[in-house]
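Colleague: Structure incoming, see below.
Taken together, the values in this text are just the output of simple stated rules run on the coordinates, not laboratory data. Quantities reported herein were computed from a predicted structural model and do not represent experimental measurements. Neighbour counts are summed over all protein chains in view; Cβ atoms, including those assigned to glycine, are modelled from backbone coordinates with ideal geometry.
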Amino acid sequence: MDPNIKKTKNSADSANYPEAIQSPSQFPDEVLEKVLSMLHSHKDRSSVSLVCKDWYNAERWSRTKIFIGNCYSVSPEIVARRFPRIKSVTLKGKPRFSDFNLVPQNWGANIHDWLVMFAKVYPLLEELRLKRMTVSDESLEFLAMSFPGFKALSLLSCDGFSTDGLKSIATHCKKLTELDIQENGIDDVSGSWLSAFPDNFTSLEILNFASLNSEVSFDALERLVSRCKSLKVLKVNKGIGLDQLQRLLVRAPQLMELGTGSFQQELMFRHCMELENAFRNCKNLQILAGLWDASYVYLHVLYPACSSLTFLNLSYATLRSDEFTKLIAHCPNLRCLWVLDTVEDKGLEAVGSCCPLLEEIRVFPAHPFDQDINHGVTESGFLAVSHGCRKLHYVLYFCQQMTNAAVATIVQNCPDFTHFRLCIMNPGQPDYLTDEPMDEAFGAVVKTCTKLQRLAVSGLLTDLTFEYIGKYAKNLETLSVAFAGRSDWGMQCVLGGCPKLRKLEIRDCPFGNAALLSGLKKYESMRSLWMSACNVTMNGCRLLAKEMPRLNVEVMKDEEDDSHVDKVYVYRSVAGPRRDAPPFVLTL
Amino acid sequence: MGKAANYENELATELRLGLLGTDHHEPEKQSFPLSLVIKSNKRSSSEMDYNSSDKCEQDSAPPPKAQVVGWPPVRSYWRNALQQQKKTESDVSGMYVKVSMDGAPYLRKIDLRVYNNYPELLKALEAMFKCTIGVYSEREGYSGSDNAPTYEDKDGDWMLVGDVPWNMFVTSCRRLRIMKESEAKGLGCL
């Protein structure tokens, strides 16, 4: 590197030494690296690395955290070559629709090759956060044995491992601070993994095993919680009852985040009061989740802790509106609420009245496959929340019916939406009052909510919806479409507009080759495109693959019809076609 | 599943989206993809009845909605976890206990979860049985009327309503009985 410090571009030297003006790098590399080390945003770091070669190098030496949104967009070798000092890795694998069983088993996204490379190049690796990856027990054991300083493991929506793999982690990772296991498709062999934490192990700060079914030894858990004085997050599974919860809370009153176990148990009154006191003593509790089988009778024990809550996750608690209303009245500081639609519109009205600071709400369907109109929430619940919670910017709403007028009013009330995900559960359902398509609803959303980053549409939609989206959604990054649109024109509008589009996922829409190919130039600026059950054919996909060699075009064919494409997944990659594609995936 | 002639589903490649009997949509056909057609061997597809949102022409019993793979988009893990909940529909719908009143020909049932406290419960009982229940005091029990509310607790003992905190009462009450004051006096003196 150039050791000379170029002081100013205007010095007399610059006339005689024109090279002096060429280098924008006016700092010694150590200074540049120091400054860059304070940059944490991945987008900023990407921008920085594009300035010039010096900055590219300074950035790559100072980066310690890497985020890879699509594990196939790059290879372990390329990552290892570019970034020598990585301590934290976040990797995402399968397309999001795999959460809904649209991606067959054994599709790929296996972590193992990555781990092998990391063991070679990043022996000091501390954190690994995986989403929708396949992870085997062997990989987990390899991880546990290869990185002596390993601290944080987070597995969300992954598959392929069992509780035996967790046992390896517990046994060997002496410096573990975080073990976060969420909603994975795993083999729950036994709860004995928890007992594998050594007696002298005290560093745990985050423990989340809420989604595991097999019972752990409560004795082992209680001792673990007692000796880990820095424990901030504890989310237990259903096997832990209320009396056991009380004992845990007494040992860890410093908790900031709690996921309870089963909230239904025959409790003597005395124990009820003890539990209530335990909650009263948790002065730092901000996040509460779990509450399985929540029996209304015991909800009152939560009340002392409710006033400091900022996030309440009731997505496993089937509460009725009257029960929920009483609870929510105690939570005036809520910023984020996840709830089941058993609370109905009345419950949401209570939210509107009680939670003026609310920024995010997610309403999940308790009976997603039972389309009885008399259950769940309607547009009036959503309206009520938007009326009372003007700071709302994130919504995920599953409902049986909606109207254009309601949505228009909702976004008038809350114009700051960044994430608007509306799921009218009956596909292709129109405005139930006017029988018209829901085009104007989403038109209102994209016209009014200029900060919109993520949108999921539903209901009966013509191409007009997509005209609106393409024209107005200037900040849109993620779009999810199902059972919508009339012709190729719809998808063409989106691909022709939406300058910041990164992820487009489409299912069951009448978009064909013309639509697919209209995005030819755009896909390289996007992370990925998913199209399933549309009208795309092999010829269309082949043409795309031929024209754009830096895209991977992966096709899963229709069993009966050889030319018709069932699923196509298109993504940019600097690693070329993947070598681990299973037989049902054809890379064109 | 719904193959009645009423519906315009064509089992070839085209489904028409729209409500039967309404004409304000454009007449062009909407060709929807094959996943909506019956494929008997594939576990992943099933027939989707688009016209079931139709309000105009309906059979008396609309066909059951077929399930489309991955729709609504809820994570399968979460959905399974919810289904596993021990709570049955009856749990969700209330905590009903029998209420008997001496001299009344039949019993009633009330949902304890509807009430927040003793006064609300007592008022409801008074309305239901068209009686008056006296005023509660710890020393005297219920004074001022002929009737006293009692309940059978988890241990099978008959207790006077009102002695224990409300929440404890709700969890331990098995059934209620409105007694004549002369019998209830014996309970209050314990």
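Colleague: Find which of A:Phe150, A:Cys282, A:Gln105 sits farthest along the positive direction of the dipole of chain A, computed with +1 on the beta-carbon of Lys and Arg, -1 on that of Asp and Glu, about the Cα centre.
Modeller: So the residue furthest toward the plus end is A:Phe150.
Colleague: Using only DSSP helix segments of four residues or longer, with each worth -39500 (n - 2.57), what per-residue ellipticity at 222 nm results for chain A after dividing by its residue count and rounding to 500?
Modeller: Details: 22 runs with 191 residues, N = 588.
That comes out to -9000 deg cm²/dmol.
Colleague: Right, another one. Please list, in chain and number order, the residues 5+ apart from A:Ser162 or on another chain whose amide H is under 5 Å from its amide H, with Hs placed from the backbone.
Modeller: A:Asp137, A:Asp187
Colleague: Okay, next question. Would you work out the relative contact order for chain A, in percent, from Cα pairs under 8 angstrom that are 6 or more residues apart?
Modeller: About 6 percent, as a whole number.
Colleague: Suppose every Lys and Arg Cβ carries +1 and every Asp and Glu Cβ carries -1, with no other charges. What dipole size does the stretch A:424-496 come out with about its Cα centre, to the nearest 20 debye?
Modeller: Result for the stretch A:424-496 is approximately 400 debye, rounded to the nearest 20.
Colleague: In whole angstrom, note down how far apart the Cα centers of the stretch A:259-277 and the stretch A:176-211 are.
Modeller: When both Cα centres are located, 24 Å separates them.
Colleague: What relative contact order, as a whole-number percentage, does the stretch B:96-185 give when Cα pairs under 8 Å and 6 or more residues apart are counted?
Modeller: The normalised contact order for the stretch B:96-185 reaches 30 percent.
Colleague: Mind checking the dipole of the stretch A:379-521: about its Cα centre, +1 per Lys or Arg Cβ, -1 per Asp or Glu Cβ, Debye to the nearest 20?
Modeller: Numbers: 14 positive and 13 negative charges, 160 e Å.
Around 760 debye, computed over the stretch A:379-521.
Colleague: Continuing with the same structure: With a cut-off of 8 Å between alpha carbons and a minimum separation of six or more residues, what is the relative contact order of the stretch A:404-528 in percent?
Modeller: Relative contact order of the stretch A:404-528: 21 percent.
Colleague: Using θ = phi - 60° and the Karplus curve 6.51 cos²θ - 1.76 cosθ + 1.60, what whole-Hz ³J(HN,Hα) does each residue of the stretch A:485-496 get, with Gly and Pro shown as x?
Modeller: x, 10, 7, 3, 3, x, 5, 5, 4, 5, 5, x
Colleague: Continuing with the same structure: Scan around A:Arg486 for amide H atoms under 5 Å from its own, H built in the peptide plane at 1.01 Å from N, and keep only partners 5 or more places away or cross-chain.
Modeller: Here the answer is A:Asp463, since their amide H atoms fall under 5 Å of that of A:Arg486.
Colleague: A further question follows. Quick check on the exposure proxy: order A:Cys414, A:Cys331, A:Cys354 from fewest to most C-beta atoms within 10 angstrom.
Modeller: Listed from fewest to most nearby Cβ atoms, that is A:Cys354, A:Cys414, A:Cys331.
Colleague: If you take the square roots of the eigenvalues of the alpha-carbon gyration tensor of the stretch B:96-185 and sort them as a ≥ b ≥ c, do you get rounded (a/c under 1.5), prolate (a/b over b/c) or oblate?
Modeller: Judged from the Cα gyration tensor, the stretch B:96-185 comes out rounded (a/c under 1.5).
Colleague: In debye, nearest 20, what is the charge dipole magnitude of the protein assembly as shown about its Cα centre with +1 on Lys and Arg Cβ and -1 on Asp and Glu Cβ, if you could check?
Modeller: Working: 90 positive and 95 negative charges, 585 e Å.
Computed about the Cα centre, the dipole is about 2800 debye.
Colleague: Mind giving me the nanometre distance, one decimal, between the label points for A:Phe27 and A:Gln412, set 7 Å out from Cα along Cα→Cβ?
Modeller: Those two pseudo-labels are separated by 5.0 nm.
Colleague: Label-point separation (nm) for A:His42 and A:Asp219, each offset 7 Å from Cα along Cα-to-Cβ?
Modeller: 4.5
Colleague: Can you figure out the FRET efficiency of A:Leu433 with B:Trp78, using R₀ = 35 Å and their beta-carbon distance, to the nearest 0.05?
Modeller: FRET efficiency, A:Leu433 to B:Trp78: 0.65.
Colleague: Per the Cauchy relation, a quarter of the hull surface: what is the mean projected area of the convex hull of the alpha carbons in the stretch A:434-561, in nm²?
Modeller: Hull-based average projected area comes out at 7.6 nm².
Colleague: Convex hull volume of the Cα atoms in the stretch A:297-381, per residue, in Å³?
Modeller: Working: hull volume 7.3 nm³, N = 85.
Dividing the Cα hull volume of the stretch A:297-381 by its residues yields 86 Å³.
Colleague: Right, another one. Mind listing the long-range amide H neighbours of A:Arg362? Cut-off is under 5 Å, sequence gap 5 or more, other chains count too, H placed in the peptide plane at 1.01 Å from N.
Modeller: Placed amide hydrogens put A:Leu337, A:Trp338, A:Val339, A:Leu396 under 5 Å from A:Arg362.
Colleague: Using 0.36 nm times the number of residues separating A:Ser203 and A:Val51, minus their current alpha carbon distance, what extension gain do you get?
Modeller: Length gained between A:Ser203 and A:Val51: 50.6 nm.
Colleague: Another question, then. Which whole-Hz ³J(HN,Hα) couplings does the stretch A:122-130 yield from phi under the Karplus relation 6.51 cos²θ - 1.76 cosθ + 1.60, θ = phi - 60°, glycine and proline marked x?
Modeller: Along the stretch A:122-130, the couplings run 10, x, 8, 3, 10, 10, 9, 10, 10 Hz.
Colleague: Under the definition of partner shielding as Cβ atoms of other protein chains within 10 Å of a residue Cβ, what is the mean value for peptide A:423-433?
Modeller: Taking all residues of A:423-433 together, the mean is 5.
Colleague: Of the options B:Met168, B:Cys131, B:Leu107, report the single residue whose Cα projects farthest towards the positive end of the charge dipole of the stretch B:96-185 (beta-carbon charges: Lys, Arg +1; Asp, Glu -1).
Modeller: My answer, from the dipole projection, is B:Leu107.
Colleague: For the cross-link pairs A:Lys94/A:Lys567; A:Lys503/A:Lys567; A:Lys346/B:Lys98; A:Lys391/A:Lys447; A:Lys65/A:Lys567, which exceed 25 Å when the distance is taken from alpha carbon to alpha carbon?
Modeller: Details: A:Lys94/A:Lys567 13 Å; A:Lys503/A:Lys567 16 Å; A:Lys346/B:Lys98 28 Å; A:Lys391/A:Lys447 18 Å; A:Lys65/A:Lys567 33 Å.
As for pairs spanning more than 25 Å Cα to Cα, those are A:Lys346/B:Lys98; A:Lys65/A:Lys567.
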